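Working notes, beginning with the structure itself.
The values are calculated or read from the model by the stated rules, or taken from the named source; none is laboratory data. Keep in mind the model is a prediction, meaning the values are calculated, not measured. With ideal geometry, Cβ positions are generated from the backbone for all residues, glycine too; neighbour counts draw on all protein chains shown. The protein model used for the area step is the full one, side chains on, heavy atoms only, and it has no ligands, DNA or RNA in it. Shrake-Rupley method; radii C 1.70, N 1.55, O 1.52, S 1.80 Å.
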Amino acid sequence: QVQLVESGGGLVQAGGSLRLSCAASGSTSSINVIGWYRQAPGKQRELVATIRGGGTTDYADSVKGRFTISRDSAKNTVYLQMSSLKPDDTAVYYCKTTIWSGHVYWGQGTQVTVSS
């Protein structure tokens, strides 16, 4: 099993920056891909960014050029650096991982609110 704990959310003004962290524990060697998803009120959960074991990254079009996903393997932590934030980025941000067996794990989420 893998446990994920997010942190770093908060309230920020439009144009500002935040860095989210996702600390993984448990069977971290079994992680295939890990990333961030978000869910705004009344909307479906959507992919924000992912990073694979080899370092390949993938981003939603809406965040390309503004968000950067990275990882610190020594700390088993994945980061999401968010810049030029917009009110539309307001959502609960979730960390998700898929391990090699195909099993999926989610974190509890962290709220990001961008004021205009």
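General remarks:
- Formal net charge of residues neighbouring Gly16 (Cβ-Cβ distance under 15 Å; K, R +1; D, E -1): +1
- Whole-percent carbon and sulfur share, accessible surface of the chain, 1.4 Å: 47 percent
- Cut-off 15 Å between beta-carbons: net charge of the residues surrounding Val78, Lys and Arg +1, Asp and Glu -1: +3
- Dipole magnitude for the chain: computed about the Cα centre from +1 point charges on Lys and Arg Cβ and -1 point charges on Asp and Glu Cβ, it is near 40 debye.
- Dividing the mean sequence gap of close Cα pairs (under 8 Å, 6+ apart) by how many residues the range 2-76 holds gives a relative contact order of 22 percent.
- Surface per residue (accessible, 1.4 Å probe) for the chain, Å²: 52 Å²
- Table column - 3J(HN,Hα) (Hz), the range 50-66, Karplus curve with 6.51, -1.76, 1.60, x for Gly and Pro: 9, 9, 9, x, x, x, 5, 10, 9, 10, 5, 4, 5, 10, 4, x, 10
- For the range 1-57, a/c is not less than 1.5, where a ≥ b ≥ c are the root eigenvalues of the C-alpha gyration tensor, and a/b tops b/c. That puts it in the prolate class.
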